[in-house]
Structure formats: structure tokens, C-alpha cells
Amino acid sequence: MDRIDFRSDTVSWPTPEMREAMATARVGDDVFGEDPSINELEALAADKLGKEAALFVTSGTQGNLIAVLGHARRGDEAILGYESHVFQWEVGGMASIGGILPHTIPTDAIGRMDRAAVEAAVRADDHHLGHSTLLLVENSFGGRGGTALPKEYFADLRGVANRHGLAMHMDGARVFNAAVALGVEAADLVADVDTVTFCLSKGLCAPVGSILCGPTDFIEEARRTRKSLGGGMRQAGILAAAGLISLRSMIDRLAEDHAHASLLAQKLSTLDAVRVHMETVQTNIVHFELEHGSRISPEAFCARLDAEYGIGLGTYPPNLLRAVTHFWVGEKEVGALVDAIAAILKSS
Ligand SMILES: *Cc1c(COP(=O)(O)O)cnc(C)c1O
């Protein structure tokens, strides 16, 4: 990469090995189901997640939307965390495109919904009310600094879902980060949800794409929905070639990103004017804030870091700074970031 960039893991470029594989990928027309690389990627993804089938989609947002449209009908309600990515950052697609009502529940400091609150959000069988049909969960939980939520949490919510006939979808954009951090297989972590989306284009370093996994008949219908949303792609095997490398050799190394995030958090916490949200540093994201009374806003701070040091750093509402580690930032870059932050704090 040509600069130090901690804004997100989405900025990660494909690895040299990926570029090589993309250049020589076997391809076909995937809308005809004839792209061998896509077919191989979908089979491998389904296998890794322990689901029957999988569908390559353009983005995590598209994968989540297709899943929601598959589980709920117009006028139905989907229960999800207020701080969840689907509610905060996906343009309200479930409402604008699907006519589905998001019913939000607050999440705690590590991104969990309270089971009783979920249960209370389920609508009674009454003709004044819509049907509650879907429970949406997320892992790792991005809005809380990428916390890795354990299998027991999802198993508990599955009990609620079963009692009320709700389907469960997981926005698992970074589910492999969660699995690596918890030391479990991703398939175990998603065993209690019906469907799951994950991103190839974040820590797994592929340039484009996400995958939706679930039961065979659900994925067949999802293929139709993807086409209707303009997501049918032709020689997409060029992208799948990178995605295959993501699944074969980029998962275990996520532990390095986590170690770098942990190192960054430790170093930042030695700076006087910085408060790191240590309890949420569990995967590859570090949320921190400048001490109260600091005269510089998070946005202005990032702008200075970029202009004076050429380093990218992100913000997160309402007042947080966010650093995300990935394949292209190691110990040296962590050191450069901390030094630059210390220098700006000293001079502001
Ligand atoms: C990145 C992300 C998504 C999907 O993002 P796209 O940019 O649409 O691929 C969904 N959920 C979470 C938690 C994410 O971090």
C-alpha cells in the first residue's frame, strides 16, 4: 500500500498472490451459473460456515439486504440492535426497498441486546400489529469496537427466536475475526443462525465482495433477489480468485491484526490525553477518545494526522477515534501512528 491507513480494514489492497491469481483466473458467465471460480468459492464458503449453500454478492450491505428480503415481507418487523451496522450504516434499505420495519433494541457496551428486551419487542398476534419475523445479530460487533460475542449469546437468542417463530440472520462482516479471537471455528459460531453474511473485502484482503450463506432453497431465492437488485455479475471469477485465497490463507493470520490492535491500544493508553476503550479491544479495532476538554475535535484531529503525517485514522460517532488494523499495517506502522498522535497532542 502507498500510505499508512488505519481508517478501516476495507482499505486493504489485494495481496500480490491475489493479483497473480486474479490475472489467471478461470472464468465463465456467473449469471448462467457457469463461472468455475465463483462456484468453487461459494462451495468453499458454505463449507467453512457449515451451511448448505452460499451466494457471492457485491457487498456486505447487499448480502444483508438480500437476506432480510428473504426472511421478511412488507409490513413485517425485524428486531435488531440500535447500534448495529444494518440499522446505522446501510441506508435503511430494509425499509426503503423492502417495506420492512426495523424494530431497534439498545445494545450494551460490548454490543449485546438484552434477551428480555428482545422478547418484549416481539409483536403479539393482533390485527393492529405487524408480524415480527426476523431477529438480526452481528459478530464481531463493529459499533462497539469489534467485540467478539460468544456462541452462548447467540444460542440464548435462538431460544427466544424459536419460541416466537423468528428467523435469525447474522451480519458477520467480520465473523472470522470473532472466531479467531474466540479460538473457535466460524461454523460453530454461526450454528444458531439461519443465514449469515461475511465480507471478503475487509481483513481477508480481497478487493471486492461478500458471501451470503444459508439453506439451499433460501440461497436459490436469494440468487433471484440479487439479480433484481442489479447484483448479477458476469465473469466475476476474477474476484472469486482473490476470495478463494482469502478463505484458504487469510483467516488464521487475522490473529496478527488482533495482536497489532492490542499493541496499539497498550501504547495509546500510555498517552495522558487519550482514553482507550480497552474492554472492547478484542479483535482488529481500537476505539479511543481524546480527554474531555481537549480543544481539537475528532474530525480535525484526523485531518491534521492526514495532512501532516500522511496517516489515515477514522472517527466513530459521537466522539470517538477509530483505528482498524489489517494486512498492510504492522508494528512499524503502529509505532508511527502512536508517535504522530503524541506529537499532535503536544502541539494542540
Ligand atoms: C463493513 C460492514 C458491513 C458491510 O459493508 P459493505 O461495505 O457493504 O461491504 C456490514 N456490517 C458490518 C458490521 C460491517 O463492518
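The values are calculated or read from the model by the stated rules, or taken from the named source; none is laboratory data. Worth saying up front: this structure is predicted, and the values here are computed from it rather than measured. Quick reminder, even Gly has a Cβ in these numbers, built from the backbone with ideal geometry, and neighbours come from all protein chains shown. Ligands, DNA and RNA are stripped out before the accessible areas are found, and what is left, the full protein with its side chains, is counted by its heavy atoms. Shrake-Rupley method; radii C 1.70, N 1.55, O 1.52, S 1.80 Å.
Expressed as a whole percent, the accessible area of region 18-68 that falls on carbon and sulfur atoms is 48 (1.4 Å probe). Can you figure out the FRET efficiency of Glu40 with Ala116, using R₀ = 45 Å and their beta-carbon distance, to the nearest 0.05? The formula returns an efficiency of 0.55 here.
For region 174-321, the calculated P(r), taken from all Cα-Cα distances in 10 Å bins from zero up to the bin holding the longest distance, is 9, 28, 29, 22, 10, 1 percent. Structural size metrics of region 53-202, computed from C-alpha coordinates, are Rg and Dmax of 14.3, 46 Å. Think of region 160-209 as a dipole: +1 on every Lys or Arg Cβ, -1 on every Asp or Glu Cβ, centred on the Cα centre; then among His164, Ala206, Asn177, Ala206 lies furthest on the positive end.
Which entries in Lys202/Lys227; Lys51/Lys227; Lys51/Lys151 show an alpha-carbon gap greater than 20 Å?
Those over the limit are Lys202/Lys227; Lys51/Lys227.
In this structure the chain gives 42 Å² per residue of accessible area when probed at 1.4 Å with all protein chains present.
Direction-averaged projected area, Cα convex hull, the chain: 17.6 nm², rounded to one decimal. Against the criterion of solvent-accessible heavy-atom surface with a 1.4 angstrom probe, Thr61, Thr325 sort, most first, into Thr61, Thr325.
The charge dipole of the chain, taken about the Cα centre with unit charges on the Cβ atoms of Lys, Arg (+1) and Asp, Glu (-1), comes to about 460 debye, rounded to the nearest 20. On region 234-296, 49 percent of the accessible area sits on carbon and sulfur atoms, based on a 1.4 Å probe.
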